[in-house]
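Working notes, beginning with the structure itself.
The values are calculated or read from the model by the stated rules, or taken from the named source; none is laboratory data. Since the model is a prediction, treat every value here as computed from it, not as a measurement. A quick note on method: Cβ atoms are made from the backbone with ideal geometry, for glycine too, and the neighbour counts reach across all protein chains shown. For accessibility, only protein heavy atoms count, side chains too; no ligands or nucleic acids. Shrake-Rupley method; radii C 1.70, N 1.55, O 1.52, S 1.80 Å.
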Amino acid sequence: MKGFSILSVIVSVFRAVHMEQIFVYGTLKKGQPNYFRMMDPDNGRAEFVAHARTVEQYPLVIATKNNIPFLLNVPGEGQRIQGEIYSVDQKMLKFLDEFESCPDLYQRTTVQLEVQDGLGEGENTLESGSFVNASVYSTTTYEPEWLQKPTYESYDAHGDHGLRYVRREDRSPE
Ligand code: PCA
């Protein structure tokens with residue numbers, strides 16, 4: 001049916017232009033404490049695109065009494081950061097902005113990435129070795145002492161650092 005296929009092309013183009021690529025480096029990564037929130041269809045849609053690392057170096061530190069990971073928006077310091085690119089719809093983006101207390105705690109900025117593998121499918125394919133821009137929850141509103149903290153290339157909530165991430169639900173009031 002011709003009419004139906006034109007409609008499905010329109011729908012997929014509409015969807016594609018309303019998707020946003022985000023780079024996650026912390027608790028939203030696969031295997032990390034908040035990954036399930038991105039996979040919950042009630043929050044919107046998120047599709048894995050590729051592993052990637054930042055072109056520039058940034059300090060990725062673990063801070064606050066809740067041991068939250070932060071990519072400090074200080075390019076040139078720290079390390080090239082490992083993470084994952086996801087294609088998310090507007091509903092998921094809105095959910096993540098709220099969940100990450102953006103723009104109070106984190107600010108959504110643009111980061112340049114080198115793609116490490118291209119596991120995504122269809123419109124989400126990115127070639128290994130290619131460079132793309134994506135949104136990232138980084139921060140410019142950090143405490144000056146955070147610049148003295150150890151930096152990590154790849155965040156793992158269960159890493160040797162022993163700084164246990166306190167989930168939002170388990171935090172004590174400020
Ligand atoms: N969540 C976002 C920012 C830091 C965090 O824990 C992420 O994983 O990219």
Practice task
Would you please name the chymotrypsin sites (Phe, Trp or Tyr not before Pro) within segment 1-80 that are DSSP coil residues with at most 11 other C-beta atoms within 10 Å of their C-beta?
Solution key: none
Completion exercise
Only helices counted: for the chain, with every DSSP H run of 4 or more residues adding -39500 (n - 2.57) and the sum spread over all residues, [θ] at 222 nm is -5000 deg cm²/dmol
Exercise for the section: Would you work out the relative contact order for segment 90-174, in percent, from Cα pairs under 8 angstrom that are 6 or more residues apart? Expected result: 23 percent
Exercise for the section: When a/c is below 1.5 the answer is rounded, else prolate if a/b is larger than b/c, else oblate, so apply that to segment 14-77 with a ≥ b ≥ c taken from the square roots of the Cα gyration tensor eigenvalues. Expected result: oblate
Problem - Heavy-atom accessible area order for Met92, Met19, largest first, 1.4 Å probe - result: Met19, Met92
Fill in the blank from the handout: Taking segment 59-111, the equivalent ellipsoid from its C-alpha gyration tensor has semi-axes in Å, biggest first, of 21, 15, 10
Exercise for the section: Loop only per DSSP, at most 14 neighbouring Cβ atoms within 10 Å: give me the trypsin sites (Lys or Arg not before Pro) in segment 51-147, ordered by residue number. Expected result: Lys65
Fill in the blank from the handout: Of all lysine pairs in the chain that are eight or more residues apart or on different chains, those with Cα atoms under 26 Å apart total 9
Exercise for the section: Using a Förster distance of 25 angstrom, determine the FRET efficiency expected from the C-beta separation of Glu114 and Val17, and round it to 0.05. Expected result: 0.50
Handout entry: D_trans [Stokes-Einstein, Kirkwood Rh over alpha-carbon pairs] for the chain, 4 °C, 1.567 mPa s, µm² s⁻¹
Key = 76 µm²/s
Fill in the blank from the handout: The answer for GluC sites (Glu not before Pro) in segment 83-170 that fall in a DSSP coil and have at most 15 neighbouring Cβ atoms within 10 Å is Glu121, Glu127, Glu153
Exercise for the section: Grab the beta carbon distance between Ile10 and Ser154, set R0 = 45 Å, and tell me the FRET efficiency rounded to 0.05. Expected result: 0.65
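Full-extension gain between Trp146 and Arg80, please, as 0.36 nm times their residue separation minus the C-alpha to C-alpha distance. All intermediate terms of the calculation are to be shown ahead of the outcome.
Details: separation 66, 0.36 × 66 = 23.76 nm, distance 1.77 nm.
Here the answer is 22.0 nm.
Relative contact order (percent) for the chain, with alpha-carbon contacts under 8 angstrom and 6 or more residues of separation?
Numbers: 340 pairs, mean separation 48.7, N = 174.
The value is 28 percent.
Once a ≥ b ≥ c are taken as the square roots of the eigenvalues of the Cα gyration tensor of segment 74-149, is the result rounded (a/c under 1.5), prolate (a/b larger than b/c) or oblate (a/b not larger than b/c)?
Oblate shape, in that a/c is at least 1.5 and b/c is the bigger or equal ratio.
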